[in-house]
Structure formats: C-alpha cells, structure tokens
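No lab work stands behind these numbers, since they all come straight from the coordinates. All of these numbers come straight from a predicted model, not from anything done at the bench. Cβ placement follows ideal geometry from the backbone for every residue including glycine, while neighbour counts extend to all protein chains displayed.
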C-alpha cells in the first residue's frame with residue numbers, strides 16, 4: 001500500500017530582520033526593516049512584525065516606509081550573515097531528512113514521509129532545534145503535498161505551525177480563499193472576484209475547459225490546486241544545469257526603473273549562492289526571466305563566463321521591451337552551467 005506523503009514547509013519568521021534584532025538586542029520590540037536606505041532608490045527587503053503593523057512590507061520603497069513609520073530603524077542588508085544562518089538551519093534539517101528542497105535562504109520543503117514520527121511532532125522538534133541553536137523562530141505547515149504545506153505554514157505565524165491531515169483536505173480547501181492559491185496575485189484575485197470566485201469551493205464549480213479558456217495554461221493549475229491536488233515531489237539539490245533567484249511582487253512592476261532597482265539585489269543574492277555552493281561550476285550563460293500580469297513568461301539570455309551586473313541590466317532591458325502593455329509580476333536572474341568537469345575560477349563584478 002502506498003504510504004501517504006508527509007511534507008513540511010518551514011518558513012523562518014522575518015528572517016533578515018529577526019537576525020538583525022538578535023544582533024542588536026536594544027531593537028527588540030521596535031519596528032525594524034532591512035534594505036536600502038537611500039532616499040528614493042532604496043527598497044525594503046523585509047520588515048519585522050512591529051513594522052508591519054504600520055503598513056511596512058518587503059519591496060516597499062524606503063521613503064514610503066519611513067512616512068508610514070517615522071521611527072522605523074532601517075538596517076543595511078548583510079547577505080553573508082544571513083546565508084551563514086541559513087546554512088546552520090539547513091544542517092538542522094539534515095538531522096531529520098535528506099529530502100530537502102530550499103526555496104530561498106529562509107524557507108524550504110522537507111519530505112519526512114519515511115519517518116515514523118508524525119509530521120506535526122517532527123515539525124515541532126525542528127522548530128525547537130532552530131530556536132535553541134540560532135535564537136530565531138520558524139513557522140511550519142504540514143500536509144500531504146507542497147501546495148497545502150506552504151499554505152498551512154502561513155496560518156499560525158509567527159512561531160507556530162498548522163497541520164492539514166489527509167482527511168481534512170476536502171473541507172479545508174473548500175473554504176480556502178482563492179487568493180491563497182500559488183500563483184494568484186493581486187490582479188488575478190481581482191479577476192476571480194469579478195467572476196464570482198472568492199473561495200476554492202467557488203472555483204471548483206468551474207470545469208477545466210472553462211478555466212483554460214479564461215486563464216490559459218494557468219487554468220490547469222487552478223483546476224488542480226483548488227482541489228488540493230499537487231503531485232510535485234520534494235527535489236533535493238542534485239547536479240544542477242542552472243541556478244536562479246526570483247522574486248514575485250505583491251504589486252506588479254510598471255516601470256523599468258523599478259525593475260532595475262530590484263535586479264541588483266536579486267543578482268547579488270544569486271552571486272552569493274553561486275560562490276558558496278557552486279563555485280566549482282563553470283558558467284556558460286546568464287539569463288533574465290520576466291513573468292507578466294497575464295502569466296506569460298519571457299527569458300533573455302546571453303553567453304557568459306562570469307556574473308556581471310551590467311550583463312543582467314542589458315538582458316532586463318531586452319526582455320522588458322517584450323511586455324507591451326502588460327505589467328511584471330515576477331523578475332528573476334540566473335546562470336546556466338557548463339557540463340561538469342569544465343570548472344575554472346570565475347569572477348563576480350557589480
């Protein structure tokens with residue numbers, strides 16, 4: 001008999017800001033954000049819960065955040081520190097399972113189907129170990145697939161967890177807001193509301209043909225996910241053909257200048273990821289990916305032997321011209337590796 005999958009989604013709470021508050025104890029209980037501090041170009045990478053109460057959020061221009069919260073402390077980004085903490089947390093995961101799929105520095109999927117302990121008890125132990133070793137809190141979702149685990153991890157934040165048992169899936173998704181479905185942003189949520197769709201239960205009344213007609217290929221995802229169906233496996237790091245870093249924005253980007261501001265941070269994180277995990281892999285190409293408001297994507301790429309911000313700027317400008325009247329909901333930058341065995345020393349220039 002096939003054993004039910006048990007997937008845990010672990011999501012650190014305000015990761016960058018929480019690390020900075022730990023490093024600066026006098027800031028405990030005060031609104032803190034991490035990001036650029038220049039008057040017009042800077043944006044927030046994250047904000048702690050105290051800052052969020054004033055409306056501050058990630059990707060918000062710093063000057064707007066300071067208007068909302070004049071006493072906000074904005075600290076510079078320290079990616080090396082955050083990555084070191086992420087590695088410590090990864091080592092904790094490895095005590096429980098080898099099936100780990102990192103999504104970013106502060107979140108990952110874990111497949112613990114092989115463990116005899118229940119998923120909830122494993123998640124609680126992982127969270128306790130993280131706090132004991134790092135003094136940072138994490139939230140977790142436990143379910144039979146990735147989609148539901150990720151939704152669940154957001155339900156008892158911060159420093160909590162939520163489990164969706166297999167027998168509870170049907171009732172749970174029926175009442176789940178359609179806006180919680182992976183890939184549904186602000187504009188798509190508004191479009192769904194205009195069609196009379198508020199919950200996944202409402203969406204289940206649509207057949208596959210109707211959803212595909214309204215949303216194209218994304219309609220197939222909507223059809224499956226609104227029923228709580230997601231067969232994607234947890235994929236551990238294997239030999240990679242590429243490495244990328246992406247951001248999906250709460251509010252779509254409308255101007256190239258906005259995208260260029262986000263690009264620098266995305267490329268900097270990409271460079272750190274490469275330097276710490278894949279420095280022995282030779283780079284063959286650089287690429288930039290955009291996903292538009294209609295969920296269509298475009299990719300611009302060029303041959304490369306190093307990570308250079310200037311090349312990514314050119315690729316972004318090239319891809320941006322393809323958007324027409326559409327806004328941009330996702331921006332990504334990445335590299336494609338040459339075959340293993342062709343390693344050489346590489347450079348990174350910003």
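Coordinate range of the alpha-carbon atoms in the stretch 16-79 per principal axis, descending: 28, 25, 15 Å. Highest mean packing comes first when the peptides 145-156, 325-336 are listed by Cβ atoms within 10 Å, giving 145-156, 325-336. Considering only alpha-carbon pairs that sit under 8 angstrom and 6 or more positions apart, the relative contact order computed for the stretch 242-349 is 43 percent. Summarising the strand pairing of the stretch 242-349, around 90 percent of its internal DSSP beta bridges are antiparallel.
Based on DSSP H segments of at least four residues, each scored -39500 (n - 2.57), the chain has a per-residue ellipticity at 222 nm of -11000 deg cm²/dmol. For residue 53 and residue 26, a Förster radius of 22 Å and the Cβ-Cβ distance give a FRET efficiency of 0.65, rounded to the nearest 0.05. At an R0 of 30 angstrom, the distance between the Cβ atoms of residue 195 and residue 171 translates into a FRET efficiency of 0.80. Does the stretch 68-218 come out rounded, prolate or oblate, given a ≥ b ≥ c as the square roots of the eigenvalues of its C-alpha gyration tensor, rounded meaning a/c under 1.5 and, failing that, prolate meaning a/b above b/c? Here the stretch 68-218 falls in the oblate category. Taking P(r) over Cα pairs in 10 Å bins from 0, in percent straight from the coordinates, which label in (i) 5, 21, 31, 31, 11, 1, 0; (ii) 5, 23, 29, 22, 14, 6, 1, 0; (iii) 6, 29, 38, 22, 5, 0 is the correct one? Computed from the coordinates, P(r) over Cα pairs in 10 Å bins from 0, in percent corresponds to (i).
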